[in-house]
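Participant: There's a structure below that I have some questions on.
The values are calculated or read from the model by the stated rules, or taken from the named source; none is laboratory data. Computed from a prediction, not measured in an experiment: that's the story for all the values here. All Cβ positions, even for glycine, are placed from backbone atoms using ideal geometry, and neighbour counts span all protein chains on display.
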Amino acid sequence: MSNATATIENQAWYQNLSPVQWKTVLASNLGWVFDGFEAYALILTVGAALHQLLAPSQFAQLPTFAGGIIATTLIGWAVGGMIGGVLADYIGRKQTMILAILTYSIMTGVSAFAWNWESFAVMRFLVGLAIGSEWVTGASMTAEFWPPEARGRGAGLFQCGFGVGFFLAAVVWLFVGAFGPEAWRIMYLIGVLPALLTLWIRYAIPESPLWQRANERRREAKRLQSSSAQERSLTRFTLAELFVEPETRRRTIIALLTATASATGFWAISSWVPPFAGSLAAKAGLVAPQWASFTGMAYTAGTIVGYVGFGFLADAFGRKPITLLFMALSLALTPVLFYWTKDLHLVLLVAALLGCFSSGQFTWTSTWLPELYPTRMRATGAGFVFNAARIPAAFGVLIAGSLIAQFGGFGNAAMIIATVYVLGFICAPLLPETLGKPLPA
């Protein structure tokens, strides 16, 4: 027995994982890939779409309208993600994931038929509803299937799907964007394809055993109708349970403030990286859409490295120090890009570095959040924190769009918004370190 134990301990971390664990993270990753595609397709195409959907007299305020469309999507994301978290705790991780992927695939295709900016905003809101729901199921399933010593790595491999989706969107737009004024509609029609993924998930991925046991305990507690505090906690509505017990309430509030810093900084800055590069290219007499696509690809290549790298570093050094490191570097690199980098080739490099840290830091949410909540409310807690943070982030995008229009440039707007990372520096140290610990029961 000791020899067998020694053999297991000497194996590389990935050799100790079962096929089911790999399939689970693959399904979660692919769902998040398509979420990333839809999200970045909006960033890349919103300008082209609004040029068709707005009256010429409104073109001067296009950044404000673009910020409004992105903000509307983020608000839908926030609402849908919180609903999805509750559903995942009551009907299961697998069923919620299938429902989310089907919904955002269909609604993305429908948004290709928008006829004015108001209809476009409504359709993107509905896409956002489903995108938020998918993340929480992937994060919960990865946490519940993967062992404690590799949970950060699994979260990084899951989370990097968003960056892969960004990269795919940039590559596809590089070609589809040349199809003329209607190209943005083609991008959204392509977004219907993820629906096929649900067929594989239905037959290849099992339901989480941890969730199944927690669900049985909830049903038994309801059947017995016990008045004990423990039994009441099992039967209480999960969203309300986040704010009943003092320690859970404290964790939720602190985690929400930390996530707000990450989300606001990312969306209010990254949304304008491709347009910033495009504006530099236009001043240099180059093709602006092409350089916007190149910069988008560079940025998202950096995000993929950051997502995966965060997970590996968090398993080595802890969730807390790596989260703070990534936030600090995000703040430091923002002025480097928007103020001090004017050469387009250097813009590609700095954009990749900024993407690595400003986007890569989101792996803390898929690594750390599921470790803060017990199984019966894990998806609700993670989904609430991750998605409620999108609401202030939506206002950050709106404010950034208005600041860009007011200042006539990107630098001042980016730096004003980037100060939100200070909130993360204050709040993240107050969360408990969970490295190597088993998930709360």
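Participant: What about ALA282, is it among the aliphatic types (A, V, I, L, M), surrounded by 18 or more Cβ atoms within 10 Å (Cβ to Cβ) and modelled with pLDDT under 90? So that I can check it myself, show each step before the final result.
Facilitator: Values: among the aliphatic types (A, V, I, L, M): yes; surrounded by 18 or more Cβ atoms within 10 Å (Cβ to Cβ): no; modelled with pLDDT under 90: yes.
No.
Participant: Which numbered condition in (1) over 26 Å from the mean Cα position of the chain (by Cα); (2) farther than 21 Å from VAL176 by Cα; (3) at pLDDT 75 or above; (4) not charged (D, E, K, R) is the only one that ASN10 fails?
Facilitator: Condition not satisfied by ASN10: (3).
Participant: Checking ILE253 against (1) β-branched (Val, Ile, Thr); (2) touching a Gly at 6+ places or on another chain (Cβ under 7 Å); (3) farther than 30 Å from ALA178 by Cβ, which test does it fail?
Facilitator: So the condition that ILE253 fails would be (2).
Participant: Do we find a residue being at pLDDT below 85 and part of a helix (DSSP H, G or I) anywhere in the range 347-365?
Facilitator: Of the range 347-365, the ones at pLDDT below 85 are none.
For the range 347-365, residues at pLDDT below 85 and part of a helix (DSSP H, G or I): absent.
Participant: Moving on to the next point. Residue check, ALA221 against (1) aliphatic (A, V, I, L, M); (2) out of contact with any Phe, Trp or Tyr (no Cβ under 9 Å at 6 or more places or on another chain); (3) within 30 Å of LEU44 (Cβ to Cβ), all met but one. Which one?
Facilitator: For ALA221, the failing item is (3).
Participant: Can you name the condition, by its number, that ARG93 falls short on among (1) surrounded by 21 or more Cβ atoms within 10 Å (Cβ to Cβ); (2) at pLDDT below 90; (3) more than 30 Å from PRO181 (Cα to Cα)?
Facilitator: (2)
Participant: Which is surrounded by fewer than 20 Cβ atoms within 10 Å (Cβ to Cβ) and either within 27 Å of LYS437 (Cβ to Cβ) or in contact with a strand residue (DSSP E or B) (Cβ under 6 Å, 6 or more places away or on another chain) (or both), of PRO321, PRO370? Lay out the reasoning, then the answer.
Facilitator: Working: PRO370 fails: surrounded by fewer than 20 Cβ atoms within 10 Å (Cβ to Cβ).
Going through PRO321, PRO370 in turn, the sole match is PRO321.
Participant: Residues in the range 320-340: is at least one over 25 Å from the mean Cα position of the chain (by Cα) and modelled with pLDDT under 90?
Facilitator: Within the range 320-340, one or more residues are over 25 Å from the mean Cα position of the chain (by Cα) and modelled with pLDDT under 90.
Participant: Let me ask something else. Report, by residue number, each residue of the range 325-344 that is of a type in the set (S, T, N, Q) and either buried (at least 24 other Cβ atoms within 10 Å of the Cβ) or farther than 15 Å from PHE266 by Cα (or both).
Facilitator: Residues satisfying the conditions are SER330, THR341.
Participant: For the range 130-145, state whether one or more residues are buried (at least 20 other Cβ atoms within 10 Å of the Cβ), free of Cβ contacts under 8 Å to residues at least 40 places away in the same chain and of a type in the set (A, V, I, L, M).
Facilitator: No - not one qualifying residue is present in the range 130-145.
Participant: Looking at the range 185-196, which of its residues are closer than 21 Å to ALA66 by Cβ and either modelled with pLDDT under 85 or touching a strand residue (DSSP E or B) at 6+ places or on another chain (Cβ under 7 Å) (or both)?
Facilitator: GLY191
Listed here are the residues, each with its yes/no results for (1) among the hydrophobic types (A, V, I, L, M, F, W, C); (2) under 16 Å from the mean Cα position of the chain (by Cα); (3) more than 18 Å from THR45 (Cα to Cα).
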site: LEU87; (1), (2), (3): yes, no, yes
site: LYS94; (1), (2), (3): no, no, yes
site: ILE106; (1), (2), (3): yes, no, yes
site: GLU118; (1), (2), (3): no, no, no
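Participant: Given the options ALA48, ALA27, ALA78, name the one that is assigned to a helix (DSSP H, G or I), of a type in the set (Gly, Ala, Ser) and surrounded by fewer than 22 Cβ atoms within 10 Å (Cβ to Cβ). Quick ask: steps written out before the conclusion?
Facilitator: Numbers: ALA27 fails: surrounded by fewer than 22 Cβ atoms within 10 Å (Cβ to Cβ); ALA78 fails: surrounded by fewer than 22 Cβ atoms within 10 Å (Cβ to Cβ).
Result of the check over ALA48, ALA27, ALA78: ALA48.
Participant: Can you pull out the residues in the range 182-218 that are aliphatic (A, V, I, L, M), more than 22 Å from THR45 (Cα to Cα) and surrounded by 13 or more Cβ atoms within 10 Å (Cβ to Cβ)? Give the derivation first.
Facilitator: As a first pass, look at the range 182-218 and keep what is aliphatic (A, V, I, L, M): 183, 186-187, 189-190, 192-193, 195-197, 199, 201, 204-205, 210, 214.
Still in the list and also more than 22 Å from THR45 (Cα to Cα): 196-197, 199, 201, 204-205, 210, 214.
Answer for the range 182-218, where residues must be aliphatic (A, V, I, L, M), more than 22 Å from THR45 (Cα to Cα) and surrounded by 13 or more Cβ atoms within 10 Å (Cβ to Cβ): LEU197, ILE201, ALA204, ILE205, LEU210, ALA214.
Participant: Would a scan of the range 54-76 turn up a residue that is farther than 24 Å from PHE276 by Cα and in contact with a Lys or Arg (Cβ under 8 Å, 6 or more places away or on another chain)?
Facilitator: There is at least one residue in the range 54-76 that is farther than 24 Å from PHE276 by Cα and in contact with a Lys or Arg (Cβ under 8 Å, 6 or more places away or on another chain).
Participant: Whether any residue in the range 345-356 is under 20 Å from ALA255 (Cα atoms) and either crowded, with 23+ Cβ neighbours inside 10 Å or in contact with a His (Cβ under 7 Å, 6 or more places away or on another chain) (or both) is what I want to check.
Facilitator: No, every residue in the range 345-356 fails to be under 20 Å from ALA255 (Cα atoms) and either crowded, with 23+ Cβ neighbours inside 10 Å or in contact with a His (Cβ under 7 Å, 6 or more places away or on another chain) (or both).
The rows are residues; the columns are (1) modelled with pLDDT of 85 or more; (2) under 17 Å from THR24 (Cβ atoms).
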residue: GLY109; (1), (2): yes, no
residue: ALA121; (1), (2): yes, no
residue: ILE131; (1), (2): no, no
residue: THR137; (1), (2): yes, yes
residue: PRO148; (1), (2): yes, yes
residue: GLY154; (1), (2): yes, yes
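Participant: Out of the helices (runs of 4 or more DSSP H) lying entirely within the range 188-280, which hold 1 or more residues that are more than 24 Å from the chain's Cα centre (by Cα) and among the aromatic types (Phe, Trp, Tyr)?
Facilitator: In the range 188-280, the matching helices (runs of 4 or more DSSP H) lie at 197-204.
Participant: Can you work out which of the residues in the range 160-181 that are farther than 23 Å from ILE304 by Cα and in contact (Cβ under 8 Å) with a residue 60 or more places away in the chain is surrounded by the most Cβ atoms within 10 Å (Cβ to Cβ)?
Facilitator: Looking at residues that are farther than 23 Å from ILE304 by Cα and in contact (Cβ under 8 Å) with a residue 60 or more places away in the chain, I get GLY177.
Participant: Does the range 96-120 hold any residues that are surrounded by 20 or more Cβ atoms within 10 Å (Cβ to Cβ), of a type in the set (A, V, I, L, M, F, W, C) and under 30 Å from ARG217 (Cβ atoms), and which are they?
Facilitator: If the condition is that a residue be surrounded by 20 or more Cβ atoms within 10 Å (Cβ to Cβ), of a type in the set (A, V, I, L, M, F, W, C) and under 30 Å from ARG217 (Cβ atoms), then MET97, ILE98, ALA100, ILE101 are the ones that fit.
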